[in-house]
Amino acid sequence: METNNFNNENILCSINCYKAVKNSEVAISFIANLFAGGVAGSVTNDFRLTLTDRNLYIETIGYCAWGGLPEVISVEKIPRGDVKSFKVKSVDSNEVIELTPNQNKTIVFIRDNEKNDNLALKMSSII
């Protein structure tokens with residue numbers, strides 16, 4: 001999977017994670033696909049968080065309908081100074097990331113930490 005060059009910023013850390021998907025989101029996506037002939041898309045729950053020396057990027061990862069190859073659907077850029085909090089909790093073999101930008105809307109991501117490398121925790125210490 002190819003990532004953006006992030007405007008030649010120095011990449012400090014990058015992690016793959018996902019969001020828990022609610023059944024209601026799946027149902028809405030199914031209905032939208034039914035009426036749109038399967039072109040409306042699907043529920044996206046794969047993300048990559050990339051921390052650079054200036055910004056935190058949230059890449060939304062989707063999968064092509066033909067072949068299932070991963071592709072970056074969108075990229076949200078949050079200046080590091082606008083990150084109000086980046087909290088990480090260990091739950092079983094996962095890291096639960098609670099990201100709160102200045103807009104005060106908390107976004108929760110989950111990262112598989114079976115290798116016990118604690119990359120999300122390391123990212124939080126850099127932020």
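The values are calculated or read from the model by the stated rules, or taken from the named source; none is laboratory data. Values in this document were obtained by computation on a predicted structure and should not be read as measured data. Note that we place each Cβ from the backbone using ideal geometry, even for glycine, and neighbour counts take in every protein chain shown. The accessibility values were calculated without ligands, DNA or RNA, using every heavy atom of the protein model including side chains. Shrake-Rupley method; radii C 1.70, N 1.55, O 1.52, S 1.80 Å.
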- [ ] Please state which one of 90, 124 is within 18 Å of residue 18 (Cβ to Cβ), open to solvent by 50 Å² or more (accessible area, probe 1.4 Å) and either of a type outside the set (Phe, Trp, Tyr) or at pLDDT 90 or above (or both).
- [x] 90
Open item on the list: Quick check on segment 68-79. Is at least one of its residues over 16 Å from residue 17 (Cβ atoms), assigned to a loop (DSSP other than H, G, I, E, B) and either aliphatic (A, V, I, L, M) or open to solvent by less than 60 Å² (accessible area, probe 1.4 Å) (or both)?
Closed with: yes
Task: Odd one out for residue 61 among (1) part of a helix (DSSP H, G or I); (2) open to solvent by less than 60 Å² (accessible area, probe 1.4 Å) - done: (1)
Open item on the list: Take the residues in segment 4-50 that are open to solvent by 60 Å² or more (accessible area, probe 1.4 Å) and of a type in the set (Lys, Arg); name whichever of them is modelled with the highest pLDDT.
Closed with: 19
Task: residue 102 being closer than 22 Å to residue 126 by Cα, at pLDDT 80 or above and open to solvent by 20 Å² or more (accessible area, probe 1.4 Å) - done: yes
Open item on the list: residue 53 - would you say it is open to solvent by 40 Å² or more (accessible area, probe 1.4 Å) and either in contact (Cβ under 8 Å) with a residue 40 or more places away in the chain or of a type in the set (Phe, Trp, Tyr) (or both)?
Closed with: yes
TODO: Quickly run through segment 105-117 and pick out the residues that are buried (at least 17 other Cβ atoms within 10 Å of the Cβ) and either closer than 15 Å to residue 51 by Cβ or among the hydrophobic types (A, V, I, L, M, F, W, C) (or both).
DONE: 109, 110, 111
